[in-house]
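Colleague: Can you read through this structure? Questions will come right after.
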Amino acid sequence: MKKKLETVQIWSKKGLSDLSGETYFARRRALLNGISMINRLQFFKPEDEVAALQLIEILEQISRLKETLLAACRAAETLSSADSKIAAEKVFILETIDSAEKALQKVKENLQEAAEQKTILSDKLDRWLQQQKRFKEVKPWLKFPVEALEEERLILGPLFSLYTHLKSSIRTNVTLPDGTVKKSTPSVANFAVKNTSDPELRTLFFNALSACFATNSSMFCDILNAVAGAHLLRASRLGMSTLDYALVIEGLDRKSFEAMRSAFSKKLSEIRECLRFAAPYINQGTNRPESPTIPVALLGSALPHLEGPESLKTLDGTLKEITEAVEPYFPEFRDFIELCRQGHWLETHNYSAGSGGAWCVEVPYDKAVAIYVDYQPNINRSFETAHILGDAFFRYSISDLPMQERRLSETRYELIGRLFEELFLRRLVQGASSPQEKAAVLWHGLRRVMINLIEIPFRFRLAEEVFEARKNGYLSVEYINKLTRKCWSDCYGDTVEGVDQYMWARKPHFYNVYNADSPHHDFQYTVGFLSANMMLKKLEEVEKTEIPRIGKSVLLDNATLPYEEIFTKNFEADIESEEFWTNAIEEALHPLRSIRPYVGELNRPQR
């Protein structure tokens, strides 16, 4: 019998995600009580260590409770996205914290004054104040003038909401092969494109999506112009380019980024070989079986006759495979999964009418993580589950680390998420029970290369072109489309027939919906993907007995060190060198090399 673990319930009935339940209200009351105490104590001058440490605990508790309540609101939104009370509750939390900001700052100043005047001699107080000082060192963008961040944030927030509302209000009309017309939101149609392997259905949904966004393109164009303009205004105030500002947020040195970009440029022709290899197999069952190019609607498609491993057809089977894959590197992961089960930290039910999605967020007050993934019994969603569990495990692993010491960014979450995917891929390849099963897994590996090393660089290049062109004035739909075709040609060359012309309107990444502060939501995927591949190669070169120790070190260092130092410390690798990224790309292309002996399995059976 498994030992019952004491942990907060998140997705359970009356758990943290239930904003009317006692679990949520207890934490809400604790936040209000904490703020009430701070308001009363803001003029109190602590004279001994006990008083100082009590004030620190109140400040820390308020910070943890704020993030916990916002995490609960996000979970509640997933369960019931149309409930306006959730948005109102989120606003209440943020306004409550904002109203107490002066009092919070005053208490911190009193603690600082007590230490400087040596009214209190306390190592714990000194250490806490040092952590406060380090906060701006580990998050260097906080050194920028507040007005350079806040004013644009006031503009960007409503623009992100406007984009989301507009996208959810329009409908696609898809005429299915049997003649019926299916109406759906763009998110549902996009989910069908990503998860449908039938070429006819995929083409129908893709064309309907493109037509929908073409019809509404002028509205999305206005929003994109406003978002780009706000980011350019912020960058101008900071005296930086949009890319440099994004790199500062990610904690990635420009030299490392340029080394990766140079290696990518030189290896692009070799990367495109994945598309050339895939074309004849994707074109099977279409009216163009001999074409050397892939139709844009079928780009990255699964092959309908390839069945993945039987174990991935249930969530329990998928979790077992993921655990077996990562446990040799991260032994604590098995206990983490047990916590997820007993605390119902992981929710996989489809609450979004097929729109898909995966996310996780830390619940710091309870040292927990809320995780959502729209699980489906297929390879694609199984890998997404592996990714989000890697991200969540990383957040859980650093839950005892003071917030002030963390250098967290999207790239760091992507590194661990992609590392879990790579471990999962290798586990499935090694454990495949048949050539057909191995071919199915390697084909998905090939699809991941196409996304991370071609589609994402295309999106990054287009975003950069939009920022550059926006400096000279308003961009029309026609001009953005012209930039799209140019960047598409630069990245895909002659490997694809057609252009995903309205990806700039369809993808929320161009509107930075996921991160209001960063002008980019693209290159982080590629950096994480390549870094993870290289990290796994390095891990496979060390003694097996050393791997768990290094794995634990990587988790902590990924949260605390500059990105470059994660690799120099643990692997003596220099990511500022082009050679590192060239080798990383070579390693990432392993599915293309490994799948060639199984080409016979890629041919569709003749009916």
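Colleague: On the basis of being without any contact (Cβ under 8 Å) to a residue 40 or more places away in the chain, open to solvent by less than 50 Å² (accessible area, probe 1.4 Å), in a helix (DSSP H, G or I) and aromatic (Phe, Trp, Tyr), does Trp443 make the cut?
Modeller: Judged against the criteria, Trp443 is not a match.
Colleague: Still on this structure: Does Leu539 qualify as being at pLDDT 95 or above and under 24 Å from Pro328 (Cβ atoms)?
Modeller: For Leu539, the condition - at pLDDT 95 or above and under 24 Å from Pro328 (Cβ atoms) - is met.
Colleague: Among the residues of the stretch 510-522, is there at least one that is under 14 Å from Ala246 (Cβ atoms) and among the acidic types (Asp, Glu)?
Modeller: Within the stretch 510-522, one or more residues are under 14 Å from Ala246 (Cβ atoms) and among the acidic types (Asp, Glu).
Colleague: To continue, here is another question. When the stretch 89-128 is examined, which residues are found to be within 27 Å of the chain's Cα centre (by Cα) and open to solvent by less than 60 Å² (accessible area, probe 1.4 Å)?
Modeller: Across the stretch 89-128, the qualifying residues are Glu89, Ile93, Ile97.
Colleague: A follow-up question, please. Search the stretch 25-60 for residues being of a type in the set (Phe, Trp, Tyr) and either over 17 Å from Ala115 (Cβ atoms) or part of a helix (DSSP H, G or I) (or both), and hand back the single one that is least open to solvent (accessible area, probe 1.4 Å).
Modeller: Phe25
Colleague: Can you name the residue in the stretch 207-247 that is over 30 Å from Thr175 (Cβ atoms) and in a loop (DSSP other than H, G, I, E, B) and, of all such residues, is most open to solvent (accessible area, probe 1.4 Å)?
Modeller: Filtering first and then ranking leaves Gly239.
Colleague: In the stretch 454-480, what count of residues is obtained for those that are free of Cβ contacts under 8 Å to residues at least 60 places away in the same chain and of a type outside the set (A, V, I, L, M, F, W, C)?
Modeller: The total comes to 7.
Colleague: Another question, if that's okay. Say whether the condition of being touching a residue at least 40 places away in the same chain (Cβ under 8 Å), in contact with a Phe, Trp or Tyr (Cβ under 6 Å, 6 or more places away or on another chain) and not in a loop (DSSP other than H, G, I, E, B) is met by at least one residue in the stretch 292-305.
Modeller: Among the residues of the stretch 292-305, at least one is touching a residue at least 40 places away in the same chain (Cβ under 8 Å), in contact with a Phe, Trp or Tyr (Cβ under 6 Å, 6 or more places away or on another chain) and not in a loop (DSSP other than H, G, I, E, B), which makes the answer yes.
Colleague: Within the stretch 349-361, can you find the residues that are under 17 Å from the mean Cα position of the chain (by Cα) and modelled with pLDDT of 75 or more?
Modeller: Within the stretch 349-361, Gly357, Ala358, Trp359, Cys360, Val361 meet the criteria.
Colleague: State whether the residues of the stretch 142-154 include one that is modelled with pLDDT of 85 or more, basic (Lys, Arg) and loosely packed, with under 12 Cβ neighbours inside 10 Å.
Modeller: Within the stretch 142-154, none of the residues are modelled with pLDDT of 85 or more, basic (Lys, Arg) and loosely packed, with under 12 Cβ neighbours inside 10 Å.
Colleague: Report, by residue number, each residue of the stretch 7-23 that is in contact (Cβ under 8 Å) with a residue 24 or more places away in the chain and exposed (fewer than 13 other Cβ atoms within 10 Å of the Cβ).
Modeller: Result: no residue meets the conditions.
Colleague: Considering each of Ala52, Ala26 in turn, give the residue that is in contact (Cβ under 8 Å) with a residue 12 or more places away in the chain and out of contact with any Lys or Arg (no Cβ under 7 Å at 6 or more places or on another chain).
Modeller: Just one listed residue meets the conditions, Ala52.
Colleague: For the stretch 478-563, give me every one of the helices (runs of 4 or more DSSP H) that falls completely inside it and has 3 or more residues that are open to solvent by 10 Å² or more (accessible area, probe 1.4 Å).
Modeller: The qualifying helices (runs of 4 or more DSSP H) are 523-539, 547-560.
Colleague: Within the stretch 311-335, work out how many residues are β-branched (Val, Ile, Thr) and within 24 Å of Leu556 (Cβ to Cβ).
Modeller: Number of matching residues: 3.
The values are calculated or read from the model by the stated rules, or taken from the named source; none is laboratory data. Note that the structure is a prediction, hence the values are computed from the model and not measured. We place every Cβ from the backbone using ideal geometry, glycine too, and count neighbours over all the protein chains shown. Accessible surface areas use protein heavy atoms only, side chains included; no ligands, DNA or RNA. Shrake-Rupley method; radii C 1.70, N 1.55, O 1.52, S 1.80 Å.
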